[in-house]
Amino acid sequence: MNDHVLDYVNKRIEELTICKTDTFNSLKSVTKTTAELFVEEEKGILEKKMNYYLAAGALAEMEELKRVLNR
């Protein structure tokens, strides 16, 4: 069972890393200031920020789980 759990954890780490990187790169490409954004654009940016922080937190948890399982 432990091998299946580690496989799952590794898969999720890879997926979350990709999500985090893609979201970060998307946020880096924003060229407007907050004052120049339309409401919908601002909502989109806030949603991307939320997704980035969710992915970062989940990634940290998965890495900690992997560390504990590898003891």
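The values are calculated or read from the model by the stated rules, or taken from the named source; none is laboratory data. The shown structure was predicted, so the numbers you read here are calculated from the model rather than taken from an experiment. In this analysis, Cβ positions are derived from the backbone assuming ideal geometry, glycine residues included, and neighbour counts consider all displayed protein chains. Ligands, DNA and RNA are stripped out before the accessible areas are found, and what is left, the full protein with its side chains, is counted by its heavy atoms. Shrake-Rupley method; radii C 1.70, N 1.55, O 1.52, S 1.80 Å.
Structural remarks
- Residue check for ASP3: modelled with pLDDT of 90 or more and either assigned to a helix (DSSP H, G or I) or surrounded by 10 or more Cβ atoms within 10 Å (Cβ to Cβ) (or both): no
- Candidate set from segment 31-70 (those that are in contact (Cβ under 8 Å) with a residue 60 or more places away in the chain and over 21 Å from the mean Cα position of the chain (by Cα)); member that is farthest from VAL9 (Cα to Cα): ASN70
- Selection count where residues are open to solvent by less than 80 Å² (accessible area, probe 1.4 Å), among the β-branched types (Val, Ile, Thr) and outside any helix (DSSP H, G or I), scope segment 6-54: 2
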